[in-house]
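Read the structure below first, then the notes.
The values are calculated or read from the model by the stated rules, or taken from the named source; none is laboratory data. Note that the structure is a prediction, hence the values are computed from the model and not measured. No Cβ is skipped: glycine too gets one built from the backbone with ideal geometry, and neighbour counts run over all protein chains shown. The accessibility values were calculated without ligands, DNA or RNA, using every heavy atom of the protein model including side chains. Shrake-Rupley method; radii C 1.70, N 1.55, O 1.52, S 1.80 Å.
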Amino acid sequence: MSPSFPRLFTPLRIGSTEIRNRIVFAGHGSRFVDWHSFHLNDRQAHYLAERARGGVGMIIQGSSMVHPTGLAAAGVNEVWSDASIPSYAHITDAVHEAGAKIFGQLSHLGRQGHGFATHRELWAPSAIPDPASRIVPHAMDSHDIQELVGCYSSAARRLASAGFDGVEVYLAHGYLLAEFLSPFSNARQDAYGGSLENRCRLPLRVIEAVQRAVPGFPLGIRVSAEEFVPEGIHPQECNAILEHLLDRVSVDYIS
């Protein structure tokens, strides 16, 4: 054990789940996906199991898309259908056998997605193109928002049934829920735009819906502290967002 980090290799409890140490393998895209079904493949199971065998305490399975409009061009995994459950169960079995815990990350790419994958429009808070792709997204209406909240709820139940030890709601890196949080991407004039309280409304609804869907299931959130763009989220704004959210919901960790 390192004298500089005396607790690094000691157990940690996150909600009802005990992690064997404090080492976390963060969520990211591996592209180890069947590009026809958008389901994770054997290579992903081996990839994460190797990390677990290397001694990681907790693994975050990267972005699982809760709705078809959240896909990239290819190589991103879906969790909007029950058909995805067996592929996720294969992942969790492999990681658990190797001794680690695994959380699933619930996500939607928003305007950073690509319509080529599903021949669908992109969803975003406002019809402002992403700086990289320049694709103009569809500004979500109240029906879209209600549908999305329901998708996060059902996706959380699928991950729980597939054997995950917890879930992480992705509020970071310019994806859909982060787009609602940030004035850089949110120019709405309704209850979901403008003030900090309004911009937090959809992420708050999603977190509450996930907690109702899987009560007592360990839940974390992933946030961006700095977007490095004009009118984007910066550390002070991020702190205010977290204070607003955590005054209304309780989560087990913040990444």
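Quickly run through segment 211-236 and pick out the residues that are farther than 23 Å from Ile60 by Cα and in contact (Cβ under 8 Å) with a residue 24 or more places away in the chain. Don't jump to the end; show me each part of the working.
Kept after step one, since they are farther than 23 Å from Ile60 by Cα, are these residues of segment 211-236: 228-236.
Val229, Pro230, Glu231, Gly232, Ile233 - these are the residues of segment 211-236 that are farther than 23 Å from Ile60 by Cα and in contact (Cβ under 8 Å) with a residue 24 or more places away in the chain.
For the condition more than 23 Å from Ala83 (Cβ to Cβ), open to solvent by 30 Å² or more (accessible area, probe 1.4 Å), of a type in the set (A, V, I, L, M) and part of a helix (DSSP H, G or I), what is the one hit in Ala187, Ala240, Ala191? Outline the logic, then answer.
On the way: Ala187 fails: part of a helix (DSSP H, G or I); Ala191 fails: part of a helix (DSSP H, G or I).
Every option except Ala240 fails the conditions.
When residues of segment 52-83 are filtered for being in contact with a helix residue (DSSP H, G or I) (Cβ under 8 Å, 6 or more places away or on another chain), surrounded by fewer than 24 Cβ atoms within 10 Å (Cβ to Cβ) and over 15 Å from Thr118 (Cβ atoms), how many remain?
Of the residues in segment 52-83, 2 are in contact with a helix residue (DSSP H, G or I) (Cβ under 8 Å, 6 or more places away or on another chain), surrounded by fewer than 24 Cβ atoms within 10 Å (Cβ to Cβ) and over 15 Å from Thr118 (Cβ atoms).
I'd like to know if segment 31-39 contains one or more residues that are closer than 13 Å to Ala94 by Cβ, within 20 Å of the chain's Cα centre (by Cα) and either buried (at least 16 other Cβ atoms within 10 Å of the Cβ) or not small (Gly, Ala, Ser) (or both). Write out each step before concluding.
Let us first name the residues in segment 31-39 that are closer than 13 Å to Ala94 by Cβ, namely 32.
Checking which are within 20 Å of the chain's Cα centre (by Cα) leaves us with 32.
Now narrow it down to the ones that are either buried (at least 16 other Cβ atoms within 10 Å of the Cβ) or not small (Gly, Ala, Ser) (or both): 32.
The answer is yes; a qualifying residue exists.
Six or more apart or on different chains, Cβ atoms under 8 Å: show the pairs whose first residue is in segment 1-24 and farther than 11 Å from Lys101 by Cβ and whose second is modelled with pLDDT under 95 and small (Gly, Ala, Ser).
Every condition considered, the pairs that remain are Leu8/Ser2.
Just checking, which of Ala94, Ala45 is of a type in the set (A, V, I, L, M), over 23 Å from Tyr152 (Cβ atoms), open to solvent by 10 Å² or more (accessible area, probe 1.4 Å) and in contact with a His (Cβ under 8 Å, 6 or more places away or on another chain)? Spell out the reasoning first.
Working: Ala45 fails: open to solvent by 10 Å² or more (accessible area, probe 1.4 Å).
Just a single option satisfies the conditions, and that option is Ala94.
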